[in-house]
1. Please give the contour-minus-distance gain from L14 to E109: 0.36 nm per residue of separation, less the Cα-Cα distance, rounded to one decimal in nm.
2. Going toward the positive end of the dipole of segment 84-135, with +1 on Lys and Arg Cβ and -1 on Asp and Glu Cβ, which of V99, N126, H84 do you reach last?
3. Counting Lys and Arg as +1 and Asp and Glu as -1, each charge on the Cβ, what is the dipole of segment 110-166 about the Cα centre in debye, to the nearest 20?
4. What list of ³J(HN,Hα) values in whole Hz, one per residue of segment 141-151 in order, does the Karplus curve 6.51 cos²θ - 1.76 cosθ + 1.60 (θ = phi - 60°) give from phi, with Gly and Pro shown as x?
5. From the phi of every residue in segment 5-17, what ³J(HN,Hα) in whole Hz does the Karplus formula 6.51 cos²θ - 1.76 cosθ + 1.60 yield, where θ is phi - 60° and glycine or proline is x?
6. Would you list L85, L97 from fewest to most Cβ contacts within 10 Å?
7. Once phi is turned into θ = phi - 60°, what whole-Hz ³J(HN,Hα) does the Karplus curve with 6.51, -1.76 and 1.60 give for every residue of segment 49-61, x standing for Gly and Pro?
8. Using helices alone, what [θ] at 222 nm do you get for the chain, with -39,500 (n - 2.57) per DSSP H run of 4 or more residues, divided over all residues and rounded to the nearest 500?
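Just so you know, all these numbers are worked out from the coordinates, no wet-lab data involved. Only a predicted model underlies this, so the values are computations on that prediction, with no experimental measurement involved. Methodologically, a virtual Cβ is constructed for each residue, glycine included, from the backbone with ideal geometry; neighbour enumeration extends over all protein chains shown.
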Amino acid sequence: MITFKRAQIEDLPLIKQLAEIAFPQTYNSMLPDGQVEYMMEWMYSMESLLNQVNEQGHIYYLVYYNGEAAGYFSLQHQGNRVWHLHRLYLLQKFQKLAVGKEMFKRAVEYIRANSQLPARMELNVNRENPAVGFYTKMGMYKASQGDFPIGNGFFMTDYIMALDII
């Protein structure tokens, strides 16, 4: 059974713990040496997570599969009916069980319930990430692409994918 919980401040250590597994598994083979470690600190230090929730308006959800923490996603309203899906990560052992699909659907449901429609959900995804196929199957399209400097000489080489929500 798949269940969701809107994360609270006390859940941030669990999100960090899940990220410490899922993020390197996803990106170690795609990114240059040192970038995964840099991005982990940049995005998943407790200071960064607190800033995301308290200052930037990120909304995190945890997903559980048969009661076990399996992954997380976060959304941020960026105004003018645009939302950004910042993160959608699932531990490998829960992949291929339709959990990711349910996470994506939950994010869309949240936007439908909390935005004027039509709205748009966007996300950045590394151009080498096999998840591009998943997002395409979920109805997203490649709206643009770019190489975005993130500091320390590193770049995110991403597609910006979009889904129009009506």
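1. Extending this stretch completely gives an extra 31.8 nm.
2. Final value for the positive-end residue is V99.
3. 200
4. 10, 7, 7, 6, 8, x, 10, 10, x, 10, x
5. These are the phi-based 3J(HN,Hα) values: 9, 5, 6, 10, 3, 5, 8, 4, x, 5, 4, 4, 5 Hz.
6. So the residues, fewest neighbours to most, are L97, L85.
7. Listing the rounded values in order: 4, 4, 5, 4, 6, 7, 10, 9, x, 5, 10, 9, 10 Hz.
8. The helix contribution divided over the chain gives -10500 deg cm²/dmol.
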